[in-house]
1. So which of Arg82, Arg31, Arg10 ends up being under 21 Å from the mean Cα position of the chain (by Cα) and loosely packed, with under 10 Cβ neighbours inside 10 Å?
2. Please specify each residue of the stretch 77-95 satisfying the condition of being part of a loop (DSSP other than H, G, I, E, B) and under 16 Å from Pro65 (Cα atoms).
3. Any residue in the stretch 63-72 that is outside any helix (DSSP H, G or I) and farther than 30 Å from Leu102 by Cα?
4. Mind telling me which of the residues Ala29, Ala43, Ala38 ends up being among the aliphatic types (A, V, I, L, M), outside the structural domain of Asn85 (by TED's automatic domain parsing) and at pLDDT 95 or above?
5. How many residues does the stretch 49-78 contain that are touching a helix residue (DSSP H, G or I) at 6+ places or on another chain (Cβ under 8 Å) and surrounded by 13 or more Cβ atoms within 10 Å (Cβ to Cβ)?
Amino acid sequence: MNIDFDNLSREELSQLIANAQKALKTVDARRKAEAKRAAELAAKEYGFSLDEVMEAGAKGSKGAPKYANPADPSQTWTGRGRKPNWVIEALESGKSLDDLAL
């Protein structure tokens, strides 16, 4: 495909760019569909559906909350990860984690 870019008008170049971007999107959509079909076939070989495989790989729940903000019980914390600001503020004010326990 030989295109003489030097002789195209601004409008023709803009249309060419728009057409190329549209073509890229369809190429991406087609490749994603092909990848999904390949993944479905691979999962089927092992006796699973793709949904079953994806569910198994999903990150587990965050765990049950162990602590709650006395001022706002809807704010909870599992005790894992970074302490929420309300926990930090409660500890700085002299409370203990036992005071915040559910």
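The values are calculated or read from the model by the stated rules, or taken from the named source; none is laboratory data. Bear in mind that the values here come from a model prediction, so they are computed numbers and not experimental data. Quick reminder, even Gly has a Cβ in these numbers, built from the backbone with ideal geometry, and neighbours come from all protein chains shown.
1. When all the criteria are applied, what remains is Arg82.
2. Step one: list which residues in the stretch 77-95 are part of a loop (DSSP other than H, G, I, E, B), which gives 78-84, 93-95.
The answer is Thr78, Gly79, Arg80, Gly81, Arg82, Lys83, Pro84.
3. Initially, the stretch 63-72 is screened for residues outside any helix (DSSP H, G or I), giving 63-72.
Next, only the ones that are farther than 30 Å from Leu102 by Cα stay: none.
No, every residue in the stretch 63-72 fails to be outside any helix (DSSP H, G or I) and farther than 30 Å from Leu102 by Cα.
4. Ala38
5. 7
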